[in-house]
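To keep things clear, I will list the structure first and then write my remarks on it.
Rule-based calculations on the coordinates, nothing more; no lab input. Keep in mind it's a predicted model, so treat the numbers as computed, not measured. Neighbour counts are summed over all protein chains in view; Cβ atoms, including those assigned to glycine, are modelled from backbone coordinates with ideal geometry.
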Amino acid sequence: MHIQLNGDHRELASQLTISELIDQLALTGRRIAVEVNEEIVPRSQHADTRLSPGDRVEIVHAIGGG
Amino acid sequence: MSADQRQDIPLTVAGRVFASRLLVGTGKYRDFDETAAAVEASGTELVTVAVRRTNLGQNPDEPNLLDAVPTSRYTILPNTAGCYTAKDAVRTCKLARELLDGHNLVKLEVLGDDGTLYPNVVETLKAAETLVNDGFDVMVYTSDDPIVAKELERIGCCAVMPLGSLIGSGHGLLNPTSLAIILDNAEVPILVDAGIGTPSDAALAMEMGCAGVLINSAIAHARQPVRMAHAMKLAVDAGREAYLAERMPRRASASPSSPFAGRINA
């Protein structure tokens, strides 16, 4: 199924949970925040939130800024 | 000490107390080592960061800014830089709150265009209202318009941060008259955010009674950022002390410091 991930089209082999997606991206344990379809998905819900086709996923982190 | 002398009380923003009145940004440094060293030399306790899409498929051991500037040591102030609408700014603040485990202090900035980075005050006011209602403590970047500053305060922003001049320009305080009016009217901390180019700019803002200054480019783009960070610390401390001490009156004519009495030619 396809999703939008950080603005780019991405094909997933199956309907992953957010935890599984984060794991696949080798981001487990990183300090990130996740938004799906413009709604925050709290860390506590990553394991229980399954992505659907067409979801728009944003994964962000902190970088240098003023 | 007489009762009408100015007393030093620490900077307090939404109930958080800070020993330093210098806020620093973390953009534009060569690397995180330089960021960490400059932040430390500045003596700051409040450090801004930006929120951006994570690089995917890159080095998993990529260094993390929050390792260089740890949340255990500094209060992190996530910004909404790069947002041009209230909606994007609100989304960014919510992402930041999630990123920082519920930390609700944010620096709101909604920009008008990428040439001037001048604040879009209409969108800023909208975003401020939404964020305050959602429980955020909002430190807000704005123009030096006293009416807008007061309106942001009325909405419930915990600090109002007018620009001294354009972001990253280093032109200093271009409209001190307007800043003075904002300071006169204010009931929340006023901090100069943007435009500080050199320590004398920072000292002037503090002498005028600003609660603090936020500096990024003037430190990061100095030839020696760590040294400049220290210089900014000294300037902010000096400016604050001068504000508390209250400067001498200006006079139209000279006034000798050495007494006339007892001169050998008298």
Apply the Kirkwood formula to the stretch B:20-245: the hydrodynamic radius equals the inverse of the mean of 1/r over all pairs of different alpha-carbon atoms; give it in Å with one decimal.
-> 17.4 Å
Charge context of B:Arg240, other residues only, Cβ under 9 angstrom, K/R +1, D/E -1 = -3
Largest fluctuation, B:Gly212, B:Gly15, B:Gly112 only, Gaussian network model of chain B with Cα springs under 10 angstrom, belongs to B:Gly15
Chain B: most fluctuating residue of B:Ala38, B:Ala229, B:Ala245 per GNM, C-alpha cutoff 10 Å = B:Ala245
222 nm mean residue ellipticity, helices alone, for chain B (DSSP H n ≥ 4; -39,500 (n - 2.57); rounded to 500) | -11000 deg cm²/dmol
Cβ-based net charge around B:Glu153, under 14 Å, with every Lys or Arg adding one and every Asp or Glu removing one = -4
Mind counting lysine pairs for me in the protein assembly as shown? Cα separation below 27 Å, and the two need to be 8 or more apart along the chain or on different chains.
-> 14
Taking a quarter of the surface of the convex hull around the Cα atoms of the protein assembly as shown, what do you get in nm²?
-> 21.5 nm²
Among A:Ala33, B:Thr35, B:Gly112 the positive-end extreme of the charge dipole of the protein assembly as shown (Cβ point charges) = B:Thr35
Charge dipole (debye, nearest 20) of the stretch B:109-180; +1 at Cβ of Lys and Arg, -1 at Cβ of Asp and Glu | 180 debye
Per GNM of chain B with C-alpha springs under 10 angstrom, the most fluctuating residue out of B:Arg154, B:Arg250, B:Arg240 is B:Arg250
Ranked from fewest to most other Cβ atoms within 10 Å of their own Cβ, B:Met248, B:Met139, B:Met208 fall in the order B:Met248, B:Met208, B:Met139
In what sequence do B:Leu234, B:Leu65, B:Leu125, B:Leu23 fall when counting other Cβ within 10 Å, fewest first?
-> B:Leu234, B:Leu125, B:Leu65, B:Leu23
Long-range amide H partners of A:Arg56 with built H, under 5 Å | A:Gln4, A:Asn37
How big is the Cα convex hull of the stretch B:125-165 in projection, averaged over all directions, in nm²?
-> 2.5 nm²
Relative to chain B, whose Cα atoms define the longest principal axis, helix B:176-185 and its Cα axis are tilted in degrees, nearest 10, by 80 degrees
Angle in degrees between helix B:86-99 and the longest Cα principal axis of chain B, rounded to the nearest 10 = 80 degrees
What is the dipole size for chain B, taken about its Cα centre, with +1 at each Lys and Arg Cβ and -1 at each Asp and Glu Cβ, in debye to the nearest 20?
-> 600 debye
Which angle between 0 and 90 degrees, to the nearest 10, do you get for helix B:225-245 versus the longest principal axis of chain B when only C-alpha atoms count?
-> 50 degrees
Per-selection metrics, the stretch B:126-266 (Cα): Rg and Dmax in Å = 19.1, 75
Which percentage, to the nearest 5, of the DSSP beta bridges contained in chain A is antiparallel?
-> 85 percent
Semi-axes of the equivalent ellipsoid of chain A: what are they in whole Å, largest first, if each equals the square root of 5 times a C-alpha gyration tensor eigenvalue?
-> 19, 14, 11
